[in-house]
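Quick notes on the structure that follows.
The values are calculated or read from the model by the stated rules, or taken from the named source; none is laboratory data. Bear in mind the structure is a predicted one, so any value in this text is a computation, not a measurement. Neighbour counts are summed over all protein chains in view; Cβ atoms, including those assigned to glycine, are modelled from backbone coordinates with ideal geometry.
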Amino acid sequence: MTSAYDKPIPIPSNEVLTKPFWEATKRGELIIPYCNSCSTLFFYPREVCPNCFSKDLGWKKMSGKGHVYTYTHVRQAVHPSFQSANGHIYAIVQLDEGPKIPSGISGCEPEEVYVDMPVSVVFDDITEDYTLVKFQKC
Ligand SMILES: [Zn+2]
């Protein structure tokens, strides 16, 4: 019998728009959408620039360095595959290049996380095809 805890981990649903991002994370690189018209970096991937509505978009490689902008200690995960005994940290990380990206903080206890904590990107292979971006304390 299948229970809710046997559900597979959710994977992205809009692969056309996000394919370059997932290919980069698989290579161990963090790339962010970039507007060739107004030079705005933004996240999440969209079909038009959120600043000038241009469709002339590309991708820029990020350093992978940033800091915790805000966070919460999630004790009841939204999906069973994300549940752990001590919960996890869901954070908004502001990259050194400016854009903010939602992510998880790994490699430390939830009580150790604080606003402005310096972090660097790590990559978590969750399936053969998908690698999640997470961050760890520097
Ligand atoms: Zn733009």
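Could you please let me know if residue 78 is loosely packed, with under 13 Cβ neighbours inside 10 Å, β-branched (Val, Ile, Thr) and modelled with pLDDT of 95 or more?
The answer is no for residue 78.
Could you grab me the full set of residues in segment 34-76 that are part of a loop (DSSP other than H, G, I, E, B) and touching a residue at least 60 places away in the same chain (Cβ under 8 Å)?
Passing the criteria: none in range.
Would you please name the residue that is farthest from the ligand (Cβ to nearest atom), looking only at residues in segment 27-77 that are of a type in the set (Val, Ile, Thr) and over 28 Å from residue 110 (Cα atoms)?
Here the answer is 48.
Looking at segment 87-96, is at least one residue over 13 Å from the mean Cα position of the chain (by Cα) and either in a strand (DSSP E or B) or within 16 Å of the ligand (Cβ to nearest atom) (or both)?
yes
State all residues of segment 81-105 that are surrounded by fewer than 17 Cβ atoms within 10 Å (Cβ to Cβ), of a type outside the set (S, T, N, Q) and at negative phi; if no residue qualifies, say none.
Result: 82, 85, 92, 96, 97, 100, 102.
For segment 115-138, how many residues meet the condition of being at pLDDT 95 or above and either of a type in the set (Phe, Trp, Tyr) or assigned to a loop (DSSP other than H, G, I, E, B) (or both)?
5
Being out of contact with any Asp or Glu (no Cβ under 7 Å at 6 or more places or on another chain), modelled with pLDDT of 95 or more and within 19 Å of residue 138 (Cβ to Cβ) narrows it down to one of 57, 95, so name that one. Can you show your working first?
Details: 57 fails: within 19 Å of residue 138 (Cβ to Cβ).
Exactly one of 57, 95 is out of contact with any Asp or Glu (no Cβ under 7 Å at 6 or more places or on another chain), modelled with pLDDT of 95 or more and within 19 Å of residue 138 (Cβ to Cβ), namely 95.
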